[in-house]
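See below for the structure under consideration.
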Amino acid sequence: MKVVVVTNRIASATPTGVERYARELATALHARTDVSCEILAPAERNEPVWAPPGLRAAHLPLPRKVNLALWCAVHRPHIDRFATTPDLVHVAAPTFPIPSTARVVYTVHDVLPLLHPEWFEFSNRFGFRLAMRDIRQRAAAVIADSTATAEALIASVGIERSRITVVPLGVSRAFLDGVSHAESREAAASVGVELNSFAIAVGEITHRKNLSVVVNAIARMRRPIPIVLVGPEGLGAEVVRSETERLGISKLVRFVGFIPDAKLAALVAAARVLVQPSRAEGFGFPPLEALAVGTPAIVATTAALPEIIGDAALLADPDDADSWAEAIEAMSNPDQRETVAARGLVHARSFTWEKTAEETVAVYRSVLEHGRG
């Protein structure tokens with residue numbers, strides 16, 4: 001079958017979780033013998049350098065803003081014009097509607113622009129709403145990262161459960177392939193901390209990520225440890241910086257920006273614990289990636305995080321800084337840390353992109369054979 005994966009960006013030097021999903025899925029599909037896959041995106045300044053040999057990763061010829069405006073306003077031009085006669089179009093995230101004469105499958109990672117519009121720019125909210133309308137009217141099938149997202153689609157968007165298939169995501173090879181002790185020590189030193197002496201949080205620094213609760217937790221610990229915040233600064237980053245200064249722990253909080261997976265795996269492996277206190281997640285890559293390199297994780301008791309993590313990590317209330325302080329301090333106990341890490345390692349390695357691709361192809365087959373996923 002011929003499949004074109006359409007996504008918002010394919011050449012970003014600092015890919016988001018959604019962009020990583022599109023890349024990893026396209027790569028895993030390309031490795032299969034039963035799928036001919038290509039990945040397309042609106043125009044960008046740079047060209048993709050990540051694509052494996054033989055995988056067509058291309059930009060559309062129209063200027064980016066013109067392309068998106070036409071898709072949103074008049075539902076033209078069809079994506080088919082720029083692809084090799086696809087049997088099916090897979091929209092990797094509902095950032096805007098994708099006109100197509102072929103059958104369309106959408107992946108929805110969350111419905112947060114509907115539930116928490118204050119977390120997003122107007123353009124993101126506008127494109128998402130149009131994509132949701134397109135899904136209701138035209139999508140042959142919808143893939144959700146988690147049961148939590150599937151339930152939110154039913155409740156908030158009105159998508160029938162019969163059209164939704166839950167397909168969990170995978171863990172990148174950079175984390176599954178293992179990290180040496182020397183690499184971890186070097187990664188820790190590169191951000192000014194010592195091996196196994198710090199906490200780490202990974203992801204764009206925004207209101208949704210709720211990092212202020214962890215900053216407060218660090219300040220309340222009997223023996224505070226540094227925390228390394230990895231990711232670009234978005235809406236809400238100024239609140240975290242302000243809270244850090246108010247609490248007088250600026251020397252303990254390191255804002256290090258985006259780090260690519262190849263180096264990030266070593267830094268996460270060097271940490272004592274990874275924390276993800278998000279108020280909402282449709283899936284959540286960082287905790288699984290931490291578990292895959294043997295680092296325990298603490299996640300918030302919200303949305304998909306408990307579902308994805310199961311009993312392989314510690315849970316904490318996203319509004320209770322004391323519970324985060326207690327959980328982080330618990331990981332200073334080597335025996336307890338080792339127990340949690342061993343349980344997590346087994347759990348994380350069951351999430352592979354090959355498995356994600358297999359379950360996604362099953363949805364494709366159902367759509368092509370029966371018209372619905």
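The values are calculated or read from the model by the stated rules, or taken from the named source; none is laboratory data. Quick caveat, the model's predicted, so the values are computed rather than measured. Using ideal geometry, Cβ is built from the backbone for each residue, glycine included, and neighbour counts are taken over all protein chains shown. What goes into the accessible areas is simple: the full protein's heavy atoms, side chains included, and nothing from ligands, DNA or RNA. Shrake-Rupley method; radii C 1.70, N 1.55, O 1.52, S 1.80 Å.
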Residue in the range 68-76 that is surrounded by 15 or more Cβ atoms within 10 Å (Cβ to Cβ), part of a loop (DSSP other than H, G, I, E, B) and modelled with pLDDT of 90 or more present: yes
Criterion (closer than 17 Å to Gly170 by Cβ and touching a Lys or Arg at 6+ places or on another chain (Cβ under 7 Å)) met by exactly one of Ala312, Ala304, Ala362: Ala312
Residues being open to solvent by less than 10 Å² (accessible area, probe 1.4 Å) and outside any loop (DSSP other than H, G, I, E, B) - total across the range 310-320: 1
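Any residue at all in the range 224-244 that's closer than 26 Å to Ile308 by Cβ, in a helix (DSSP H, G or I) and not small (Gly, Ala, Ser)?
Looking for residues that are closer than 26 Å to Ile308 by Cβ, in a helix (DSSP H, G or I) and not small (Gly, Ala, Ser), one finds at least one in the range 224-244, hence yes.
Counting just the residues of the range 150-163 that are open to solvent by less than 40 Å² (accessible area, probe 1.4 Å) and within 19 Å of the chain's Cα centre (by Cα), which one comes out nearest to Ala28 (Cα to Cα)?
Ala150
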Among (1) modelled with pLDDT of 95 or more; (2) surrounded by fewer than 23 Cβ atoms within 10 Å (Cβ to Cβ), the one test that Ile259 misses: (1)
Selection within the range 1-11 - open to solvent by 10 Å² or more (accessible area, probe 1.4 Å), within 18 Å of Asn67 (Cβ to Cβ) and either assigned to a strand (DSSP E or B) or of a type in the set (A, V, I, L, M, F, W, C) (or both): Ala11
Any chance Ile328 is in a helix (DSSP H, G or I), at pLDDT 95 or above and more than 30 Å from Ala102 (Cβ to Cβ): yes
Residue check for Glu186: charged (D, E, K, R) and in contact (Cβ under 8 Å) with a residue 40 or more places away in the chain: yes
From the options Arg208, Arg222, Arg241, Arg254, residue that is in contact with a Lys or Arg (Cβ under 7 Å, 6 or more places away or on another chain) and open to solvent by 40 Å² or more (accessible area, probe 1.4 Å): Arg208
Selection within the range 12-40 - touching a Lys or Arg at 6+ places or on another chain (Cβ under 8 Å) and either at pLDDT below 95 or open to solvent by 20 Å² or more (accessible area, probe 1.4 Å) (or both): Pro15, Glu19, Ser36
Test: Gly344 is at pLDDT below 95 and in contact with a helix residue (DSSP H, G or I) (Cβ under 7 Å, 6 or more places away or on another chain): yes
One residue from Ser172, Ser123, Ser146, Ser180 being of a type in the set (S, T, N, Q), in contact with a helix residue (DSSP H, G or I) (Cβ under 6 Å, 6 or more places away or on another chain) and more than 24 Å from Leu88 (Cβ to Cβ): Ser172
Only one of Arg279, Arg337 that is charged (D, E, K, R) and either over 22 Å from the mean Cα position of the chain (by Cα) or at positive phi (or both): Arg337
Scan of the range 1-41 for residues that are closer than 19 Å to Asp145 by Cα and free of Cβ contacts under 8 Å to residues at least 40 places away in the same chain, ordered by number: Pro15, Glu19, Arg23, Ala26
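Results for (1) more than 17 Å from the chain's Cα centre (by Cα); (2) surrounded by 15 or more Cβ atoms within 10 Å (Cβ to Cβ), shown as yes or no for each residue.
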position: Glu118; (1), (2): yes, no
position: Gln137; (1), (2): yes, no
position: Thr165; (1), (2): yes, yes
position: Ala174; (1), (2): no, yes
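Yes or no, residue by residue, for (1) without any contact (Cβ under 8 Å) to a residue 12 or more places away in the chain; (2) in contact with a strand residue (DSSP E or B) (Cβ under 8 Å, 6 or more places away or on another chain); (3) among the basic types (Lys, Arg):
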position	(1), (2), (3)
Pro287	no, yes, no
Ala292	no, no, no
Pro318	no, yes, no
Ala330	no, yes, no
Asp335	yes, no, no
Phe351	no, no, no
Val361	no, no, no
Residue list for the range 219-228, restricted to those being under 25 Å from the mean Cα position of the chain (by Cα) and either at pLDDT below 95 or closer than 15 Å to Ala325 by Cα (or both): Pro226, Ile227
